[in-house]
Each structure stands twice: as C-alpha cells, then as structure tokens.
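Rule-based calculations on the coordinates, nothing more; no lab input. None of the values given here were measured: they were computed from a predicted structure. So basically every Cβ, Gly included, is an ideal-geometry build from the backbone, and we count neighbours across all protein chains shown.
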Amino acid sequence: MPNKQDIPTLLMEFFHGGIEYPSDQQFTREQLLELGPLDIKRWLANKAYRDPDYNLRRGDRPVYARSSTLEFAKKAISFFMPNRLPAWINGAGNPTKSVAVNNLLKEVKQFEVRGEGVGDQSMRPVSEQEFRKTIQLFRSQKDWITSWKFPTMAVWQYHLIGRIDDVVHFKTDDLKSHERFDFAMQTRVRWSKNVMEERACPDQILLGSMDPVFCIFSNLGLYLESYLHNFPHSRHLFTTNDASTGPKNLIQAYRSKLETVVIKNSAFRALSPSDHRGVGTHSFRKFPSQHAVDKGASPDDVEIRGRWKKRGRRVVFRYIDPGQLYTDAKVASLLCMGGPIKYKLKAGVEISDDWLFQHVVPNIRQRYPNDLNLCKILALAILFAVLDKTIDVPAEICTRITSAYTALDLQETNAVIKVPLHVYRIEDRLMIDEAVSIQENNADNNFVSGVFPVQSMLVRLDRMERHFEVLYRRHEASIERLERGSNTHFHTMNNNIRRFGGSIEGSLVIQRATNPARRHEENFDHPQRQSLCHNPRSLLELWHEYKHGIDGRKPAEQFTVTERNIRIGGLKQKYYRRSVIWKCMERLVRNGDTPEVAASKIHAAYGFNLSVTQIINLMIRDRQTGGHPNLR
C-alpha cells in the first residue's frame with residue numbers, strides 16, 4: 001500500500017492520462033478543484049477492477065484491491081481536497097463525499113462478503129504460546145540488543161496494548177512509581193496517533209506478573225540496569241539516538257529481527273494454526289487486547305487502556321471519569337499472566353534500601369534520584385530474578401548481586417517473595433490489596449493452603465449493606481407517609497365529629513380536600529389551591545408537595561411564573577427557598593435515584609438531625625459556590 005503522501009500523485013497521474021510526477025509534487029488549488037466524483041470513482045475502480053470502465057454484467061469482479069484499501073485511498077485524497085469538510089452537493093464540496101464514490105465502496109464490500117472479491121489479508125493475533133516462543137528466540141541470540149532490548153520492547157508493548165511506534169518514542173523519564181500504591185509503576189502513552197490533547201494520555205498503571213516471561217518489572221529492571229550503565233543520560237527508553245531518525249531506525253531494526261529470528265523460524269511456525277492470515281508486527285499489537293477481552297474485559301476497556309482506537313460517535317476516554325482508574329487497573333491485572341503480584345522481602349529478612357540501591361540497582365538509582373520507590377520496586381524484582389536461578393539475567397549483573405548477597409550471610413535462599421494481588425473497586429475508589437492466604441479442607445479432610453480473594457467477599461458484603469441501607473430508608477419513608485396520612489385522617493375525623501351537630505356540609509368539605517380521588521376534579525385556579533403548606537416536616541413531604549400537592553393544593557411543579565411570584569402569604573419567598581431542594585431532588589431522581597434515596601443523600605451531605613429550614617439555608621449558601629460536592 002502506498003504512503004498517504006503518494007496517493008494524490010498517483011491519482012493526478014491517472015487523471016492526466018499517465019503523466020508522471022515526482023513524489024514530492026505539489027498540486028495547486030485549481031488543479032485539485034478539477035477533480036470530480038466520477039474521476040475519483042474511476043481511479044478507485046481501476047485499483048479494484050483494473051478497469052475504470054468495468055462492467056459487472058460481463059463478469060468483472062474487484063479481485064485486485066479490498067474495500068479497506070479503497071477507503072484508505074479515499075481518506076488520503078480527502079485530506080488534500082481544498083473543500084474537504086462539506087459533502088459534494090450541486091457540483092461543489094468534497095468529491096470523495098459523494099454518492100458515486102460511496103456506492104462503489106458498498107459494491108466492493110458486498111462482493112467481499114460473497115467471496116467474489118479479495119480475501120481478508122489482515123494479520124491475526126499471535127497466541128500465548130507464540131508470544132512465549134518469541135521471547136525465547138530473542139533471548140537465545142548472542143547480541144545484547146536482540147537478547148535484551150527487543151524482548152523488553154515486546155513485553156512493554158504487551159502491557160500497554162500499544163503499537164511498536166508508541167514503544168520506540170517512550171522517554172526514559174516517563175517512568176515513575178504510582179502515587180497511591182508503592183508496589184506499582186505508572187507511565188503514559190504520549191505518542192499514540194489518536195491522542196490529540198494532553199488529558200487524553202493520563203498515567204497508566206503497571207503491575208508485576210506471577211509469570212516471569214510477562215513480568216514487566218523484572219524484564220524492564222534488568223534491561224534498564226544494563227542500558228543505563230552504558231547510556232546513563234539517554235533521552236529515549238529504547239534508543240540512544242535522540243534525533244528524529246532514531247525511533248524510525250529502531251522500528252526497522254525491530255521488524256527485521258522479528259521477521260528473521262522469530263517469524264521465519266521453524267519452531268515458531270510449528271505453533272501457528274492453520275489460518276489463511278499471516279503473522280506480522282501488527283499481530284503482536286492484537287495479542288494483548290484479544291487476551292484481555294478473552295479474560296473478561298470489555299472492548300471499551302481495552303480501547304481506554306491502549307488509546308489505539310477512537311470512535312467517531314463518542315469520546316472513548318474521559319480524564320475526569322472516576323471509573324477510569326478501576327478500568328485501567330482491571331485491564332492491567334488481566335494482562336498479568338498468572339495474576340498480578342508485588343515483590344516484597346520475606347518476614348524477618350533485614351535488607352536496607354541503601355543496600356538495594358548500592359548493589360542491585362546503582363545505575364537506575366543514579367538516573368532516578370528523586371523516585372526512591374521506583375528504584376526499590378525494580379530492585380526487588382531484579383533481586384528475585386537473580387536469586388531464583390530460573391530466570392535469565394545478564395552475567396555482569398548476576399555476578400555483582402550474587403557476591404553482595406553472599407556477603408550478607410543470610411539463611412534465605414531467596415529473600416524476596418511474590419505476593420498475589422486482588423484488584424477491586426468500592427464505589428468509585430480503586431482498591432488493590434494483597435490476596436489473603438487461607439487454608440481449605442479437601443475431600444480427604446487434609447488442610448491445603450491456597451490463595452482466595454477474600455476482598456471479593458468483603459466487597460459483596462459492602463454492597464449488600466448499602467442495598468439494605470437503601471431498603472431501610474425506603475421502609476422508613478413508607479412508615480412516615482403512613483403516619484402522615486393517618487394523622488391527616490384522624491384530624492379530619494375529629495373535625496367532623498365536632499362539626500357534625502352544626503353543619504354536615506362543613507365536614508364534607510374537609511373530606512373532599514383530603515380525598516386523592518377528588519383532587520383531579522378540583523379547580524386548581526382557585527386562590528386557595530395556589531399556595532404552599534406552612535411547615536413541611538421532612539424532605540419527602542416537600543417532594544410530595546412539589547409533585548402532587550398537599551391537602552388538595554396545586555402541585556408546585558405546575559405553578560406558572562405568575563403564581564410563583566405571588567407575594568400574598570409569602571408564596572414567592574417560600575417557593576424560592578424550597579426550589580433549591582426541589583431542583584436537587586429532581587436532578588437525583590432523574591439520574592436514577594428514588595425520592596427516598598435522594599432525600600437520604602441530602603441528609604448525608606448536611607446532617608440527619610437538621611430541620612428542613614436549616615438544610616434549605618445551607619443549600620442556599622452552597623449554591624453560590626456551585627453546590628455541595630456530593631450533590632453535584
């Protein structure tokens with residue numbers, strides 16, 4: 001497929017009858033305005049059918065280019081059009097946005113579905129076995145770049161669900177420890193082609209893996225310790241050439257080694273399934289996203305994590321979204337083969353941080369003098385790898401650390417352990433804790449130790465407690481309504497008894513006013529109906545007044561502007577003050593809460609012992625600063 005910059009040149013050569021132009025030819029506005037929808041359609045048809053005047057009745061089929069190739073060419077042409085934004089209407093606008101061009105693309109897609117077009121040439125994702133074999137083949141090479149840099153790049157790309165172009169542009173100073181969790185790292189993808197503003201590339205969390213092949217801490221730590229020894233001031237994480245050509249040259253070198261050392265290797269090919277699609281660099285980009293989705297992540301979560309796909313109809317990522325933290329950590333934990341872990345010293349082992357910095361990560365410590373937590377995370381991962389004896393470690397690092405550890409004369413063979421982690425969320429707060437070790441009984445009544453996410457049970461209990469709390473509040477509200485209704489009817493009955501001897505009609509008036517079935521028959525324009533109750537006892541009573549009215553009065557929601565501003569009886573002042581609660585509860589109810597839950601949230605924000613008047617005063621005060629933060 002030609003580059004985006006070359007496509008307009010190829011189109012103009014076709015349009016001008018075969019005249020050859022240099023690749024850097026710049027076309028004038030007048031030349032580009034000569035192009036019409038039929039010209040672009042004929043050029044695209046020539047790519048798909050090898051005949052600009054093809055005829056389907058004589059059996060011509062688009063067997064030379066897929067619809068995706070045509071769409072890429074159409075997009076590239078549209079970029080260079082003078083009027084690229086408006087559609088093609090009445091001979092003006094962007095000719096690529098025309099019915100003729102779009103119908104051609106639909107036609108080619110239909111033939112592809114029928115099997116009469118070009119077959120699918122997209123790369124399939126590699127499997128887990130193929131990824132492991134890739135790391136193994138890279139490690140088996142003798143040169144340091146192939147055996148250490150390229151495997152680390154592959155693992156780094158896996159954990160960030162990124163492109164190889166994103167990987168080579170990472171800065172060395174982008175690494176840092178996590179602000180909340182002292183066992184995790186964080187970094188950000190700045191180079192993604194779909195990132196258009198800074199807030200769209202927030203810090204992403206990185207966790208260690210139980211499987212050493214996929215553990216980013218051990219792989220990155222061993223690589224950095226060797227890399228920074230030779231290039232302590234390197235700007236980029238994987239290339240020493242800080243010029244613009246450095247990342248590009250590294251991409252070419254990586255692709256070349258991936259092709260020769262891995263893809264063409266017979267042991268790697270033996271793992272490939274019988275699939276018509278091949279394997280390439282794009283396959284290693286698809287593998288982590290497919291793996292995360294297979295493990296339970298939603299496609300939207302993977303898009304948020306990788307920043308590699310952007311939907312036109314909506315923004316995939318919002319920096320202020322509190323659920324993003326959990327989504328990011330959830331996907332990060334799914335990418336950890338064997339589960340997420342943290343490295344820590346065994347109980348009773350006394351190894352100081354200064355010893356780790358001096359003997360394990362002296363070069364990393366020199367490069368990151370202000371991030372001691374990052375140095376300690378990588379130091380523990382490196383120390384575990386060196387003492388484990390089953391993980392490949394550079395010879396000079398292994399010799400240095402082994403000698404220093406032997407001098408400590410510790411009884412432990414490996415002073416570092418891997419502790420499983422459990423990632424969960426309580427409301428909108430991300431939580432990462434150690435998975436609790438328990439002992440469970442098997443069929444033979446023998447106790448065996450294991451790891452069980454007790455935090456999951458705690459989260460479920462917390463949710464049940466909050467659910468019961470909501471039910472309890474609804475129950476209290478129902479009792480309050482029953483008590484209010486009972487008191488009203490009891491008061492009416494007493495009045496009827498007192499008035500029975502004088503005027504039965506008087507008692508019937510009171511009954512008619514409190515009867516819900518007769519409220520719709522009343523005339524709401526009567527002055528007595530256009531009023532508010534004098535002393536509401538609760539927020540729910542205020543809400544009932546707003547939606548339904550009290551004692552036959554007109555609901556406050558149905559008041560006109562004129563009725564709201566009536567000064568008789570202080571109606572205007574009452575409506576103004578109570579409207580702060582009505583608007584707040586209406587917003588909460590519109591967002592999915594019940595009136596009982598909405599009233600409970602207001603009480604939780606201001607206090608359960610405050611009266612309605614006190615709450616109104618506080619809400620009027622907070623309205624000047626945008627409202628209470630828990631009720632926005």
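Below is a table of values for the structure above.
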{"quantity": "Segment Q358-K346, extension gain: residue separation times 0.36 nm, minus the distance between their alpha carbons", "calculated": "2.3 nm"}
{"quantity": "Principal axis box of the range 7-113, alpha-carbon based, largest edge first, Å", "calculated": "39, 31, 21"}
{"quantity": "5 angstrom amide H check on V213, placed H, neighbours 5+ away", "calculated": "none"}
{"quantity": "Cleavage-rule hits, trypsin sites (Lys or Arg not before Pro), the range 133-184, DSSP coil, Cβ neighbours within 10 Å at most 10", "calculated": "K142"}
{"quantity": "Semi-axis lengths, Å, the range 364-406, gyration tensor of Cα atoms, sqrt of 5 times eigenvalues", "calculated": "21, 11, 9"}
{"quantity": "Fewest-first ranking of C398, C375, using other Cβ atoms within 10 Å as the exposure measure", "calculated": "C398, C375"}
{"quantity": "Scattering profile of the range 121-179 at q = 0.15, 0.16, 0.20 Å⁻¹ [log10 I(q)/I(0), Debye over alpha-carbon scatterers]", "calculated": "-0.56, -0.62, -0.89"}
{"quantity": "Anchor K601: lysines whose Cα lies under 22 Å away (excluding residues fewer than 8 positions away in-chain)", "calculated": "K547, K583"}
{"quantity": "Amide N proximity, the range 243-260 versus S140 label position 7 Å along Cα-to-Cβ, cut-off under 12 Å", "calculated": "none"}
{"quantity": "Amide H contacts under 5 Å for K176, placed H, 5+ residues apart", "calculated": "Q186"}
{"quantity": "Relative contact order of the range 316-435, defined on C-alpha pairs under 8 angstrom at six or more residues apart (%)", "calculated": "36"}
{"quantity": "Fewest-first sequence of F15, F79, F150 by Cβ atoms within 10 Å of each Cβ", "calculated": "F79, F15, F150"}
{"quantity": "Under the Karplus curve 6.51 cos²θ - 1.76 cosθ + 1.60, θ = phi - 60°, whole-Hz ³J(HN,Hα) for the range 382-390, x wherever Gly or Pro sits", "calculated": "5, 4, 5, 5, 5, 7, 6, 6, 10"}
{"quantity": "21 Å Cα-Cα threshold exceeded, pairs from K554/K574; K264/K295; K286/K342; K133/K346", "calculated": "K264/K295; K286/K342; K133/K346"}
{"quantity": "Förster radius 35 Å - calculated FRET efficiency between D300 and I89, Cβ distance, rounded to 0.05", "calculated": "0.50"}
{"quantity": "Straight-distance crosslink candidates among aspartates and glutamates, where the alpha carbon sits under 15 Å from K572 and sequence neighbours closer than 8 are dropped", "calculated": "E557, E563"}
{"quantity": "Restricting the range 576-632 to chymotrypsin sites (Phe, Trp or Tyr not before Pro) in coil, as DSSP defines it, with at most 13 other Cβ within 10 Å", "calculated": "F608"}
{"quantity": "Relative contact order (%) - the range 526-632, alpha-carbon pairs under 8 angstrom, separation at least six", "calculated": "24"}
{"quantity": "Sorted by Cβ density within 10 Å, fewest first, the residues T594, T562", "calculated": "T562, T594"}
{"quantity": "Where trypsin sites (Lys or Arg not before Pro) fall in DSSP loop in the range 234-294, at most 10 other Cβ within 10 Å", "calculated": "K264"}
{"quantity": "Segment R481-D551, extension gain: residue separation times 0.36 nm, minus the distance between their alpha carbons", "calculated": "23.8 nm"}
